[in-house]
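As structure tokens, the structure follows; a few thoughts come after it.
The values are calculated or read from the model by the stated rules, or taken from the named source; none is laboratory data. Keep in mind the model is a prediction, meaning the values are calculated, not measured. Ideal geometry is used to build each Cβ from the backbone, glycine not excepted, and the neighbour counts take in all protein chains shown.
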């Protein structure tokens, strides 16, 4: 007598699958953040350059002075020549403040570094932090570079969303033309474009954050352009009836 296959209770229960979905996505998000920040900090600390932060900031400000994004940070829309203003630089400062709060305040690095001889953390400061202060400074510089590049990435992500509108529109128009002409549907192109879209986005962000030499933010236009092409292909070969 043949045995009945054992059923997976988790797979059969729609309620449990619904409740466990946020946990799975949280695990994926934590893993992605760990890979992004871990690789960035390791590479930039290993291939350390003393003036890398200054080079990155100079390239960002030079590009921002030729664009409109400095005006976005002004309440009255006036242009400014200050290098401390700008949409991407505002995002960068916010990201660095959040990272430094988590890594320096919640993990009491700042408290230990300022500990006096009678404070509880003075021994840890003398044994571990002071001998490795050079590595801490490199770590802090890597955090600043990551924050600056994340601000640039957020700006170009908004630009990519803007370009996605004509890409989707053109793709749906081509899809409608193909349907009227009874052309062959291709699910393979749709799924390949979907997988390539995710891969291009993650690989481009990982490479930009981890690159240990000065990089112009304009290089982000390359993954943005390929990403829009994948969005166009997905819309063109979408098989679901709309």
Of all residues in the stretch 187-220, which are more than 30 Å from residue 151 (Cα to Cα) and surrounded by fewer than 15 Cβ atoms within 10 Å (Cβ to Cβ)? 187, 188, 189, 191
If we keep only residues of the stretch 47-66 that are modelled with pLDDT under 75 and assigned to a helix (DSSP H, G or I), then the residue surrounded by the fewest Cβ atoms within 10 Å (Cβ to Cβ) is 63
Can you go through 161, 143, 233 and tell me which one is under 29 Å from residue 35 (Cβ atoms), crowded, with 19+ Cβ neighbours inside 10 Å, at pLDDT 85 or above and under 22 Å from the mean Cα position of the chain (by Cα)? 143
Residues satisfying the stated conditions in the stretch 91-105, i.e. buried (at least 17 other Cβ atoms within 10 Å of the Cβ) and more than 15 Å from residue 145 (Cβ to Cβ): 104
So how many residues does the stretch 28-41 have that are under 17 Å from residue 52 (Cα atoms) and without any contact (Cβ under 8 Å) to a residue 24 or more places away in the chain? 0
